[in-house]
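K.L.:
So that we are looking at the same thing, I have put the structure below in structure tokens.
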Amino acid sequence: MATSSDSSIAEELERHCLSLVDRFGAGASPRAFFAPGRVNLMGAHLDYNGGPVMPTAIDRGTFVAVRLRRDRRLRIASVLDARVLEFDLDELPAVRAGRWSDYPIGVLRELCTRVPHDAPGLEILFGGNLPIGAGLSSSASICVGTAFALDRVWGIGLSRQEIVSTALAAERGFVGVQCGIMDPFAIGLARTGHILWLDCKDESSAYLPLDSAHHAIAVADSLVRRELAQGAFNERVQQCAQAFSTLRRHQPSATCLRDISREVLDRHRAELDPILARRAQHVVDEVRRTFRARDALLRGDPSGFGAEMLRAHASLRDLFEVSVPELDQLVESASACAGVLGARLTGAGFGGCVVVLLERGAEERVRARITEDYVRRFHRDPALAIFGGDSGPREVTGF
Ligand code: GLA
């Protein structure tokens, strides 16, 4: 069934296709593709530790308009950048430039080896309605959206799983980010009205229904963007690896930090630097919280689920130390409102957004409270938005 967000995505993509014609000139009609962003409700910083995560896709994301050329040239542009980048398909850049275009070029490099040598060149325009760098996974959205669009226009025939793997390989390889697997899976395997349960140890997954008739997902943007966030993220990845290399000696069967028991951590905590002990405790406890949150959802106890979100935020603030005062304020204001079930920072942290799970009907009350508190303290409007769910990457037609 088409939803109101489907029709507004279609309208925006229709305009986006007109922008492609403005940018590249007259020619064949472009095809239009959409890939969502995501919020992560539970399982914070667990993906690269082999733990379970619970993300869900949102109805904001990346727009990709594409048309084929008659030669082997590739022209790519973004609505946020006046430049057009141009290459020959046989001579794609071998070194990243540290710009947005690294993401689609990374994907192109992955897929070029899977198409015939005479595959046609392309004109591609990127855009979207997802805030960039806000913890809503704009980078995985552009990678999955590009992989999906190229697969369709070049007729490669990739499965959803292969699209996810292509996006991940591009981000880890050409772009050079040591990201976990959660984001491309959350986007590539999304199903409307469901939270994805993804076990990052064996990549098994399941869909858990979210009662969207009674509950809504809201996102408040702190508007804090940290230049150094990537470095701080990589530092957390390393700290977890270091903690694991010490603790595994006491639990030889463990293959990742997710496997370490709380008993082993407590018994050998003194062998760890105090910072590493805090990081490890967050991971070990968050694994248990995430299982409890899943159980709460399955037994129809949204309050129990929300309580785990609040505990997760406290741990991200005090033990994993990836929160900032702005995010703490948003969580505090949200949790003081009747009708709010839970709230926590989403994404890596260090700024970005807070995700709030609330009862339908409470939206305006929550918006008023969060905005009033935030404006009083930080003199900015956190622009609380209510997001619908999404069914993952797709071609949008019929306009
Ligand atoms: C970022 C990473 C994800 C995940 C989250 C933290 O969004 O891209 O892989 O590690 O942080 O849960």
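The values are calculated or read from the model by the stated rules, or taken from the named source; none is laboratory data. On a predicted model such as this, the values are computed, not experimentally measured, just so you know. As a convention, Cβ positions derive from the backbone with ideal geometry for all residues, glycine included, and neighbour counts pool all protein chains shown.
K.L.:
Which residues, taken from the range 166-177, are in contact (Cβ under 8 Å) with a residue 12 or more places away in the chain and either surrounded by fewer than 24 Cβ atoms within 10 Å (Cβ to Cβ) or within 10 Å of the ligand (Cβ to nearest atom) (or both)? Break it down stepwise before answering.
P.N.:
Quick first cut of the range 166-177, residues in contact (Cβ under 8 Å) with a residue 12 or more places away in the chain only: 166-171, 173-177.
Listed by number, the residues that qualify are L168, A169, E171, G173, F174, V175, G176, V177.
K.L.:
Can you tell me which residue among G188, G180 is buried (at least 17 other Cβ atoms within 10 Å of the Cβ), modelled with pLDDT under 95 and under 16 Å from D47 (Cβ atoms)? Can you show your working first?
P.N.:
Numbers: G188 fails: modelled with pLDDT under 95.
Answer to the selection: G180.
K.L.:
Just need a number here: residues in the range 41-70 that are out of contact with any strand residue (DSSP E or B) (no Cβ under 9 Å at 6 or more places or on another chain) and surrounded by 24 or more Cβ atoms within 10 Å (Cβ to Cβ).
P.N.:
Narrowing the range 41-70 to residues out of contact with any strand residue (DSSP E or B) (no Cβ under 9 Å at 6 or more places or on another chain): 45, 48-49, 70.
Filter once more, keeping what is surrounded by 24 or more Cβ atoms within 10 Å (Cβ to Cβ): 45, 49.
The total comes to 2.
K.L.:
What about L316, is it aliphatic (A, V, I, L, M), at pLDDT 95 or above and either over 21 Å from C256 (Cα atoms) or part of a loop (DSSP other than H, G, I, E, B) (or both)?
P.N.:
On the way: aliphatic (A, V, I, L, M): yes; at pLDDT 95 or above: yes; either over 21 Å from C256 (Cα atoms) or part of a loop (DSSP other than H, G, I, E, B) (or both): no.
When the stated conditions are applied, L316 does not pass them.
K.L.:
Can you tell me which residue is farthest from L108 (Cα to Cα) among those in the range 57-84 that are in contact with a helix residue (DSSP H, G or I) (Cβ under 8 Å, 6 or more places away or on another chain), among the hydrophobic types (A, V, I, L, M, F, W, C) and free of Cβ contacts under 8 Å to residues at least 60 places away in the same chain? Quick ask: steps written out before the conclusion?
P.N.:
So the first thing to find is which residues in the range 57-84 are in contact with a helix residue (DSSP H, G or I) (Cβ under 8 Å, 6 or more places away or on another chain), and the list is 57, 59, 61-68, 72-77, 79, 84.
With the extra rule that they be among the hydrophobic types (A, V, I, L, M, F, W, C), the set shrinks to 57, 63-66, 68, 74, 76-77, 79, 84.
Checking the rest, the ones that are also free of Cβ contacts under 8 Å to residues at least 60 places away in the same chain come to 74, 76-77.
Details: L74: 10, I76: 11, A77: 14 Å.
Per the criteria, the residue is A77.
K.L.:
Something else about it: Could you tell me whether any residue of the range 291-313 is under 23 Å from C256 (Cβ atoms), surrounded by 18 or more Cβ atoms within 10 Å (Cβ to Cβ) and either in contact with a His (Cβ under 8 Å, 6 or more places away or on another chain) or at pLDDT below 95 (or both)?
P.N.:
No, every residue in the range 291-313 fails to be under 23 Å from C256 (Cβ atoms), surrounded by 18 or more Cβ atoms within 10 Å (Cβ to Cβ) and either in contact with a His (Cβ under 8 Å, 6 or more places away or on another chain) or at pLDDT below 95 (or both).
K.L.:
How many residues are of a type outside the set (K, R) and out of contact with any helix residue (DSSP H, G or I) (no Cβ under 9 Å at 6 or more places or on another chain) if we restrict to the range 292-313? Let's see the steps before the verdict.
P.N.:
Start the filter on the range 292-313 by keeping residues that are of a type outside the set (K, R), which leaves 293, 295-298, 300-310, 312-313.
Cutting the leftovers down to out of contact with any helix residue (DSSP H, G or I) (no Cβ under 9 Å at 6 or more places or on another chain) gives us 298, 300.
So the count comes out to 2.
K.L.:
Something else now. Here are R360, R367: which of them is among the charged types (D, E, K, R) and surrounded by fewer than 16 Cβ atoms within 10 Å (Cβ to Cβ)? It would help to see each step written out before you state the result.
P.N.:
Working: R367 fails: surrounded by fewer than 16 Cβ atoms within 10 Å (Cβ to Cβ).
After applying the criteria, what remains is R360.
K.L.:
Consider the range 352-399. How many of its residues are basic (K, R) and part of a helix (DSSP H, G or I)?
P.N.:
Initial filter on the range 352-399 (basic (K, R)): 360, 365, 367, 369, 376-377, 380, 394.
Then drop every residue that is not part of a helix (DSSP H, G or I), which leaves 365, 367, 369, 376-377.
So the answer is 5.
K.L.:
Right, something else. Restricting to the range 170-225, name every residue that is within 30 Å of A368 (Cα to Cα) and small (G, A, S). Spell out how you get there, then give the answer.
P.N.:
At the first step, the residues of the range 170-225 found to be within 30 Å of A368 (Cα to Cα) are 192-195, 209-225.
Answer for the range 170-225, where residues must be within 30 Å of A368 (Cα to Cα) and small (G, A, S): G193, S212, A213, A216, A218, A220, S222.
K.L.:
Could you list, in sequence order, all residues of the range 319-346 that are outside any helix (DSSP H, G or I) and in contact with a strand residue (DSSP E or B) (Cβ under 6 Å, 6 or more places away or on another chain)?
P.N.:
Taking the range 319-346 and keeping what is outside any helix (DSSP H, G or I), we get 319-324, 336-346.
Matches in the range 319-346: S323, G339, V340, L341, G342, A343, L345, T346.
K.L.:
Using the structure shown, decide if G180 is in a loop (DSSP other than H, G, I, E, B), on the phi > 0 side of the Ramachandran plot and within 13 Å of the ligand (Cβ to nearest atom). Break it down stepwise before answering.
P.N.:
Working: in a loop (DSSP other than H, G, I, E, B): yes; on the phi > 0 side of the Ramachandran plot: no; within 13 Å of the ligand (Cβ to nearest atom): yes.
Answer is no for this residue.
K.L.:
For the range 18-46, how many residues meet the condition of being farther than 20 Å from H194 by Cβ and in contact (Cβ under 8 Å) with a residue 60 or more places away in the chain? Step through it out loud before you land on a result.
P.N.:
Residues of the range 18-46 that are farther than 20 Å from H194 by Cβ, as a first pass: 18-33, 45.
Restricting the remaining residues to those that are in contact (Cβ under 8 Å) with a residue 60 or more places away in the chain gives 19-20, 23-24, 27, 30-33, 45.
Residues in the range 18-46 being farther than 20 Å from H194 by Cβ and in contact (Cβ under 8 Å) with a residue 60 or more places away in the chain: 10 in total.
K.L.:
Tell me the residue from L223, L158 that is aliphatic (A, V, I, L, M), surrounded by fewer than 18 Cβ atoms within 10 Å (Cβ to Cβ) and in a loop (DSSP other than H, G, I, E, B), please. Walk me through how you get there before you give the answer.
P.N.:
Details: L158 fails: surrounded by fewer than 18 Cβ atoms within 10 Å (Cβ to Cβ).
Residue meeting the stated conditions: L223.
K.L.:
Step by step: first the residues of the range 104-151, then only those that are assigned to a helix (DSSP H, G or I) and over 19 Å from R394 (Cβ atoms), then the one that is farthest from the ligand (Cβ to nearest atom). Which residue is that? Write out each step before concluding.
P.N.:
Keep residues of the range 104-151 that are assigned to a helix (DSSP H, G or I), which gives 104-112, 138-151.
Narrowing further to those that are over 19 Å from R394 (Cβ atoms): 105-106, 108-110, 112, 139.
Values: I105: 19, G106: 15, L108: 21, R109: 20, E110: 18, C112: 25, S139: 7 Å.
The extreme case among them is C112.
K.L.:
Sticking with this structure for a sec: Looking at R109, R83, R99, can you tell me which residue is farther than 14 Å from F174 by Cα and either surrounded by 17 or more Cβ atoms within 10 Å (Cβ to Cβ) or not polar (S, T, N, Q) (or both)? Let's see the steps before the verdict.
P.N.:
Numbers: R109 fails: farther than 14 Å from F174 by Cα; R99 fails: farther than 14 Å from F174 by Cα.
One residue alone meets the criteria, R83.
K.L.:
Also, I was wondering about something else. In this structure, does C240 turn out to be within 15 Å of the ligand (Cβ to nearest atom), buried (at least 16 other Cβ atoms within 10 Å of the Cβ) and in a helix (DSSP H, G or I)?
P.N.:
Values: within 15 Å of the ligand (Cβ to nearest atom): yes; buried (at least 16 other Cβ atoms within 10 Å of the Cβ): yes; in a helix (DSSP H, G or I): yes.
Here the answer is yes, as C240 does meet what is asked.
K.L.:
Quick one: would you say A186 is free of Cβ contacts under 8 Å to residues at least 12 places away in the same chain and closer than 24 Å to G300 by Cβ?
P.N.:
On the way: free of Cβ contacts under 8 Å to residues at least 12 places away in the same chain: no; closer than 24 Å to G300 by Cβ: yes.
No; evaluated as a whole, the condition is false for this residue.
K.L.:
May I pose another question? Take R311 and tell me if it is assigned to a strand (DSSP E or B) and either out of contact with any strand residue (DSSP E or B) (no Cβ under 8 Å at 6 or more places or on another chain) or not hydrophobic (A, V, I, L, M, F, W, C) (or both). Please lay out each step first, then the result.
P.N.:
On the way: assigned to a strand (DSSP E or B): no; either out of contact with any strand residue (DSSP E or B) (no Cβ under 8 Å at 6 or more places or on another chain) or not hydrophobic (A, V, I, L, M, F, W, C) (or both): yes.
Here the answer is no, as R311 does not meet what is asked.
K.L.:
Looking for whichever is within 16 Å of the ligand (Cβ to nearest atom) and out of contact with any strand residue (DSSP E or B) (no Cβ under 6 Å at 6 or more places or on another chain) here; the options are F305, F399, F350. Which one fits? If you could, list the steps in order and put the result at the bottom.
P.N.:
Values: F305 fails: within 16 Å of the ligand (Cβ to nearest atom); F399 fails: within 16 Å of the ligand (Cβ to nearest atom).
That would be F350, the only listed residue that is within 16 Å of the ligand (Cβ to nearest atom) and out of contact with any strand residue (DSSP E or B) (no Cβ under 6 Å at 6 or more places or on another chain).
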